[in-house]
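Novice: First the structure, which I've put down as structure tokens, then a few questions once you've had a look.
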Amino acid sequence: MRNRLNQETELTNLRAESGLQRKVMRSSNWDRRRFLTVLGVSTVAPAWPRITLAQAGRPILRPVPATGEMLPTIGMGTWITFNVGSASAARAPLVPVRNRFFETGGALIDSSPMYGTSEAVIGELLTRTNSRQRLFSATKVWTYGQAAGERQLEASRRLWGVPRLDLIQIHNMLHWEAHLETLNAWKAQGKVRYIGITTSHGRRHGDLEKALMRAPFDFVQFTYSLADREAEQRLLPLAAERKIAVVINRPFDGGDLFASVKGRPLPAWTREFDCENWAQFFLKFITSHPAVCCAIPATSQAAHMAENMGALYGRLPDAKLRSRMVQQFA
Ligand SMILES: NC(=O)c1ccc[n+]([C@@H]2O[C@H](COP(=O)([O-])OP(=O)(O)OC[C@H]3O[C@@H](n4cnc5c(N)ncnc54)[C@H](OP(=O)(O)O)[C@@H]3O)[C@@H](O)[C@H]2O)c1
């Protein structure tokens, strides 16, 4: 009964998220891009932000505890940003976003069947790059019913155009026990390398904890940012204790963190951890948490990608600087 209630709550949440996605796609960013594309104006950044001294060093990597494989601490989300439909004019502005991601050391791309055309867009972008060997493919299963889940997983594999997905996560815990059975079988057959489970927006942390205690997940994904530090209480320590790799979604609170610092200069003390802009401030706060494997910011703009990937380089804040970062947002 409780399970059923959870699933119904989940479906309500999912409908709300899908509604939000449509709303955001109608908002200024997407409309601006489409408007300029229709006019034939390139929305590609005219010049790349310079590669800085910090970026010239080695990328920061973290191990996946299950295998010791090293992953870059900044990946890429695709929820709204890659759900652009099938028209090549709408997809073209994402080519420089992809290029910048791989050129600066990116590997993990996160998607889901819930994200409209995102998986198809990723698949197409991957056919047109020779950087695809860097890819760490992370998608999700998001449906009710084991058979429907299997069909969805096969569809994702086709859309991504990869022989084997690196990570499949059970999206928002929907019908997770059933999908876990399939995913364990897929893992045994070598069709997926890692299994994970997700939530976001601070939802159902208690249920997620129980799932992590019950089943041996390789990865867990949830929200953590300067706008929402709830995960510090239980989820992050639990993941560390159970040796589960943590992927952080909504690192910019969906973009709202930028609005909260609009017009505010970056404090001088942020140079102590090689921080050059607010994007790196928000991301380095997350990736400096010892339990975090990587954060997956989403962007539709190559210039923003360059800023975000800058957080993959240089020093990270220590515990003292992290407290100062929190105070900045108190
Ligand atoms: N339950 C789940 O499993 C779940 C739930 C939510 C999200 N996720 C995953 O997590 C990913 C990230 O979350 P999110 O997409 O909700 O939000 P987010 O990454 O916190 O924020 C994305 C927003 O930030 C803006 N942005 C990015 N870089 C910027 C920069 N350097 N300067 C200024 N603005 C910048 C983007 O606009 P521009 O396009 O203009 O750059 C976009 O509007 C998703 O895409 C998805 O893959 C998973």
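Novice: Limited to the stretch 247-286, what total is found for residues that are more than 11 Å from the ligand (Cβ to nearest atom), buried (at least 23 other Cβ atoms within 10 Å of the Cβ) and not in a loop (DSSP other than H, G, I, E, B)?
Specialist: 2
Novice: Additional query: Pull out all pairs, ordered by first then second residue, where Cβ-Cβ is under 7 Å, the residues are six or more apart or on different chains, the first lies in the stretch 220-231 and is under 16 Å from E209 (Cα atoms), and the second is more than 9 Å from the ligand (Cβ to nearest atom) and of a type in the set (F, W, Y).
Specialist: Short answer, once both residue conditions are applied: A231/Y224.
Novice: Okay, next question. Output the residue which, of all residues in the stretch 99-145 that are within 11 Å of the ligand (Cβ to nearest atom), under 19 Å from Q301 (Cβ atoms) and of a type in the set (S, T, N, Q), is nearest to the chain's Cα centre (by Cα).
Specialist: My answer is S111.
Novice: Evaluate the stretch 128-151: report whether one residue or more is in contact (Cβ under 8 Å) with a residue 24 or more places away in the chain, surrounded by fewer than 19 Cβ atoms within 10 Å (Cβ to Cβ), among the hydroxyl-bearing types (S, T, Y) and under 28 Å from P59 (Cβ atoms).
Specialist: Within the stretch 128-151, one or more residues are in contact (Cβ under 8 Å) with a residue 24 or more places away in the chain, surrounded by fewer than 19 Cβ atoms within 10 Å (Cβ to Cβ), among the hydroxyl-bearing types (S, T, Y) and under 28 Å from P59 (Cβ atoms).
Novice: Which one of these is more than 13 Å from the chain's Cα centre (by Cα), away from the ligand (no atom under 15 Å from the Cβ) and of a type in the set (A, V, I, L, M): A240, A231?
Specialist: Values: A231 fails: away from the ligand (no atom under 15 Å from the Cβ).
One residue alone meets the criteria, A240.
Novice: The conditions are (1) under 19 Å from G77 (Cβ atoms); (2) in contact (Cβ under 8 Å) with a residue 60 or more places away in the chain; (3) surrounded by 19 or more Cβ atoms within 10 Å (Cβ to Cβ), and A303 fails exactly one of them. Which is it?
Specialist: Checking A303 against (1) under 19 Å from G77 (Cβ atoms); (2) in contact (Cβ under 8 Å) with a residue 60 or more places away in the chain; (3) surrounded by 19 or more Cβ atoms within 10 Å (Cβ to Cβ), the one that fails is (3).
Novice: Kindly indicate whether L212 is assigned to a helix (DSSP H, G or I), at pLDDT 95 or above, within 11 Å of the ligand (Cβ to nearest atom) and touching a strand residue (DSSP E or B) at 6+ places or on another chain (Cβ under 8 Å).
Specialist: No.
Novice: Can you find even one residue in the stretch 154-168 that is near the ligand (Cβ under 10 Å from one of its atoms) and in contact with a His (Cβ under 9 Å, 6 or more places away or on another chain)?
Specialist: Looking for residues that are near the ligand (Cβ under 10 Å from one of its atoms) and in contact with a His (Cβ under 9 Å, 6 or more places away or on another chain), one finds none in the stretch 154-168, hence no.
Novice: Quick one: which helices (runs of 4 or more DSSP H) lie wholly within the stretch 92-190 and hold at least 2 residues that are basic (K, R)?
Specialist: In the stretch 92-190, the matching helices (runs of 4 or more DSSP H) lie at 94-103, 146-160.
Novice: Quick one: in the stretch 287-307, of everything that is among the polar types (S, T, N, Q) and more than 9 Å from the ligand (Cβ to nearest atom), which residue is nearest to N83 (Cα to Cα)?
Specialist: Top of the filtered list is T287.
Novice: Moving on. Please work out which one of (1) out of contact with any Pro (no Cβ under 6 Å at 6 or more places or on another chain); (2) more than 25 Å from T67 (Cα to Cα) is the condition L167 fails and give its number.
Specialist: Result: L167 fails condition (2) only.
The values are calculated or read from the model by the stated rules, or taken from the named source; none is laboratory data. Since we're looking at a predicted model, the values are computed, not measured. Neighbour counts are summed over all protein chains in view; Cβ atoms, including those assigned to glycine, are modelled from backbone coordinates with ideal geometry.
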